[in-house]
Protein chains: 2
Amino acid sequence: MSIEDKFDALFKALGHRARRQILDLIKDGPKTTGSLCDALPDLDRCTVMQHLSVLESAGLVVAERRGRERWNHLDALPIHDVQKRWIGPYAAHAVAVLDGLQALAAPEAPALEAADKSDD
Amino acid sequence: MSIEDKFDALFKALGHRARRQILDLIKDGPKTTGSLCDALPDLDRCTVMQHLSVLESAGLVVAERRGRERWNHLDALPIHDVQKRWIGPYAAHAVAVLDGLQALAAPEAPALEAADKSDD
DNA sequence: TTGACATGTTATAATTTTATAACATGATTG
DNA sequence: CAATCATGTTATAAAATTATAACATGTCAA
């Protein structure tokens with residue numbers, strides 16, 4: 001799986017509100033699939049499980065089997081990667097544009113604070 | 001359109017590599033639709049236009065018509081919002097877990113640097 | 001061990017997304 | 001003005017996603 005496949009999977013996983021809700025539900029600690037279903041009464045149990053498997057494929061959820069329960073843990077590391085490559089640089093671009101520094105707002109490089117470093 | 005609709009659209013827009021490529025292509029300045037098509041030879045022109053309209057719906061691209069050309073500008077502000085609500089807090093969660101501070105790694109609040117502030 | 005329980009699996013319908021094709025519009029240019 | 005060019009529109013096929021249903025598996029507890 002290429003790095004772009006990984007980012008595809010990640011953004012797609014984050015692209016459904018139910019899945020983001022699930023992440024919020026497990027951010028303070030793991031939850032069982034059953035308790036997640038209870039917290040999402042609008043969704044069928046199967047649908048919740050499908051969303052969990054999407055999150056798991058994206059590496060955002062790690063499942064731990066304990067007896068007949070499945071405890072779903074958050075792993076936010078992939079989000080750290082996406083922040084580093086995409087969200088961070090583009091968010092900086094937005095701030096730079098607001099500050100009227102549009103010309104040097106190139107998302108790829110952290111060009112804002114490093115403007116004094118003149119080698120390239 | 002609710003805030004969750006907005007985040008849905010945003011993450012979905014970022015969830016296709018061709019669209020992320022387009023963002024990278026216009027990050028240093030606007031480009032015409034034609035030059036974007038040239039830069040993405042694997043994609044049909046109609047497909048590129050569909051991707052552009054997805055990006056436009058998500059608020060990431062603003063089109064400016066000049067004569068018979070369409071100049072596609074990046075607007076990274078929505079990415080700043082997504083960073084603030086989702087990516088930033090969860091990336092902080094990942095770092096906190098790596099630092100062994102898992103117990104207080106609650107993505108919603110910036111609980112890491114503010115650990116000395118004891119009111120809640 | 002039997003029955004309830006939590007979860008998993010397979011199949012399928014409905015919807016959305018992605019990629020093209022065919023045709024249309026308005027602008028530039030010779 | 002006619003031809004070309006850049007883009008827009010509508011329709012459609014293929015693929016992926018989302019939501020359910022029906023059935024299966026393994027676990028716990030009386």
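The values are calculated or read from the model by the stated rules, or taken from the named source; none is laboratory data. Everything numeric in this text was worked out from a predicted model, so none of it was measured. Note that we place each Cβ from the backbone using ideal geometry, even for glycine, and neighbour counts take in every protein chain shown. Just so you know, the surface numbers come from the protein's heavy atoms only, side chains and all, with ligands and any DNA or RNA stripped out. Shrake-Rupley method; radii C 1.70, N 1.55, O 1.52, S 1.80 Å.
Do you know which residues across the stretch B:26-57 are open to solvent by 50 Å² or more (accessible area, probe 1.4 Å) and more than 10 Å from DNA strand C (Cβ to nearest atom)?
B:28, B:30, B:31, B:38, B:41, B:56
Given B:100, B:29, B:88, which one is assigned to a loop (DSSP other than H, G, I, E, B) and within 14 Å of chain A (Cβ to nearest Cβ)? Lay out the reasoning, then the answer.
Working: B:100 fails: within 14 Å of chain A (Cβ to nearest Cβ); B:88 fails: assigned to a loop (DSSP other than H, G, I, E, B).
Going through B:100, B:29, B:88 in turn, the sole match is B:29.
Conditions first: (1) more than 14 Å from chain A (Cβ to nearest Cβ); (2) crowded, with 16+ Cβ neighbours inside 10 Å; (3) not in a strand (DSSP E or B). Residue B:70 passes all but one, so which condition is the exception?
Unmet condition: (3).
For residue B:15, only one of the following conditions fails: (1) within 20 Å of residue A:91 (Cβ to Cβ); (2) of a type outside the set (S, T, N, Q); (3) within 12 Å of DNA strand D (Cβ to nearest atom); (4) buried (at least 21 other Cβ atoms within 10 Å of the Cβ). What is its number?
So the condition that residue B:15 fails would be (4).
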